[in-house]
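What follows is a single structure, written as structure tokens, with notes after it.
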């Protein structure tokens, strides 16, 4: 199942991207997801042919290696081979914050409901998971407040506090 | 002291609801133990030899009387009437039922307590100076910065699944009571020549099987950039720290393999690339946190207390005053240290009755404040010297007046094989044997400052690497043996101890310590601590004394 986050809503979508496995031929579909090494070897030709291309990054792959191609990529899929491997969170934040990527950032692999809030806060907006969209949405929104700025641009506690203080001052003024 | 606002309370409530759900999914079998493990660990719940252990956070070691009473209640209602204060300034309850934990956490939340991030591969409780707000030499209150870090690190979305656990220490005094240089990040707050606050940033210290003293990568990071710079360090670590080998996953290994200079370059690069104004804490929030610690309502007192001096006619009080009370920044006050190292007792253990007595004493005589030290003792940071005799009497009534702070029997020991699934050897009986060997308080005072630290395995939870004398339990063909190290320090003169010689059997350890102390007493020069003498003479005379018999044999 693929859940997409769009305009604050989580909903199920048809996945139009075909993953290309190691050593497999590239499918005839319009949209494909390649590993970083396949993309580096064959991506240029596919893009030139007008195909939609996504890149699947292993945790150790460096997002820096995608910088030049980001504007042409439809999506970046970040893999969680084990859910305890947290490197993809930094990759997602960097894609969003450092490199301003506004395409899809998809979580793939061992994607559990307990990670929903981490992923959403780090800028993921698509999730390959067996969890249903309502449960996923509830888990992603479990925390009513957040303490730190991140890629989701939710106002951290310190911003909420200063806004509350300003409102109070305005009322009293 | 700092109090939660509605947002802080909501954070804890939301976490508790999440954890209650996770526990019920585990109990129903929807979650496997393997899936549940990282989740329960992030809520401080360990599966130990005999039962679950719940580790409750005591942020930067600061407790109020109300919080202490809540801990006493947990000890009595859900545990066996006691708790164990740890070297990370937290408290552990060793006999908790899994099905009770959601209720325990909800109860703790009523007293602004929780178990968030007390274990797991995330940013743990920040260590800070137990004398914060009381020490004359501090340049700022380190609790303010520790609270800044607490909030930033709580549920940090990017840094919840790090390669390994991550510990930060903050001190603002030249005297380091936090072991800052043995932390993943040590932060030493200072003022520069222009009077601006900044942090010396030390990275990559740690104990475990490969101990390191951390390297300084910034001499003076402007204090206002603390959070963005921490984010940069953590990002480098999260991305490049090793994940293939549990024992090589701490940041110290990354810093050592890259070199401190290269690590600093990567951190700076990440820092430059960041939207720093968005990551850093605005001044107004820093001011709010600073204000929320409030001011302690100290009285104006003469520096010399006649009542305090007169009470020294009592030998027991005089000894307590000499060893456990140190000067306060405010005239007429003292910092009272409460030893949890009673002779023959388990280091760090505290009964519910003792917790309640401490809560009462703190409320009556100590502005309601209690601190936990990383050496597993407690502190009443603000006691008027006039009240010190009454505090001493109150402590003595519950068996907490042991006058041995920094002395030989004031040891750190991990729970060891008596409780811990990882241990190779027992630690507590060794500590007990040593403290019985040095039960004579006159001799202990004659020996002076001597920090003995005992770990039951190579994970070094007992900080043996930085003990003036370190003791490491090892398994030799199914038997418990102990390796001694000398010359370590976790303080501002941080150093890793050196192995003395072949490991000793359990029954020889206390005797070996006795011999080491005899050598020290025989060769020390005026004013020299054990550590100073060792550093002057080297290992020679100490090694000879302990292994003399072996050579003869």
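Counting only DSSP beta bridges with both residues in the protein assembly as shown, the antiparallel share comes to about 65 percent. Between the C-alpha center of the range A:63-111 and that of the range B:471-546 there is a gap of 51 Å. Computed extension length for residue B:76-residue B:261: 61.5 nm, one decimal, from 0.36 nm per residue of separation with the Cα-Cα distance subtracted. Inter-label distance, residue B:34 to residue B:506: 3.5 nm, where each label sits 7 Å from its Cα along the C-beta direction.
Extension gain, residue B:309-residue B:224: 0.36 nm per intervening residue step, less the Cα-Cα distance, totals 26.2 nm. Assuming R0 = 35 Å, can you tell me the calculated FRET efficiency for the pair residue B:10 and residue B:445, based on Cβ-Cβ distance, to the nearest 0.05? The pair residue B:10/residue B:445 has a calculated efficiency of 0.10.
From helices alone, the protein assembly as shown scores -11000 deg cm²/dmol at 222 nm; the rule is -39500 (n - 2.57) for each run of n ≥ 4 DSSP H residues, then divide by the residue total.
Just to verify a number: FRET efficiency for residue B:318 and residue B:418, C-beta to C-beta distance, R0 = 25 Å, to 0.05? Working from the Cβ atoms, E equals 0.10. Here the spin labels are modelled as points 7 Å beyond Cα on the Cα-Cβ line, and at residue A:44 and residue A:25 they lie 2.4 nm apart. With a ≥ b ≥ c taken as the square roots of the eigenvalues of the C-alpha gyration tensor of chain B, please select rounded if a/c is under 1.5 and otherwise prolate if a/b is larger than b/c or oblate if it is not? The shape class here is rounded. Rounded, prolate or oblate: which one fits the range B:456-553, using the alpha carbon gyration tensor with axes a ≥ b ≥ c (rounded when a/c is under 1.5, else prolate when a/b beats b/c, else oblate)? Here the range B:456-553 falls in the oblate category. Using Cα centres only, tell me the gap between the range B:142-211 and the range B:263-285 in whole Å. So the separation of the two Cα centres works out to 16 Å. With the highest mean first, a sort of the peptides B:103-112, B:517-526, B:464-473, B:349-358 on other beta-carbon atoms found within 10 angstrom per residue produces B:464-473, B:349-358, B:103-112, B:517-526.
Label positions at residue B:353 and residue A:163, each projected 7 Å from the Cα along the C-beta direction, are separated by 5.3 nm.
Once the Cα atoms are used to define both axes, helix A:157-172 deviates from the longest principal axis of chain A by about 30 degrees. Between A:53, A:159, A:20, the Gaussian network model of chain A with springs among Cα atoms under 10 angstrom shows the greatest mean-square fluctuation at A:159. Taking a ≥ b ≥ c as the square roots of the Cα gyration tensor eigenvalues, the range B:107-244 comes out oblate, since a/c reaches at least 1.5 and a/b does not exceed b/c. What FRET efficiency do you get for residue B:539 and residue A:18 if R0 is 51 Å and r is their Cβ-Cβ distance, rounded to the nearest 0.05? It comes to 0.15. Taken residue by residue and averaged, Cβ atoms of other chains lying within 10 Å of the Cβ of B:225-233 number 1. GNM remark for chain A: springs join alpha carbons under 10 Å apart, and the peak mean-square fluctuation among A:21, A:86, A:132 falls on A:21.
Values in this text are rule-based calculations from the coordinates and carry no lab data. Predicted model only: the values in this text are computed from it and were never measured. Quick reminder, even Gly has a Cβ in these numbers, built from the backbone with ideal geometry, and neighbours come from all protein chains shown.
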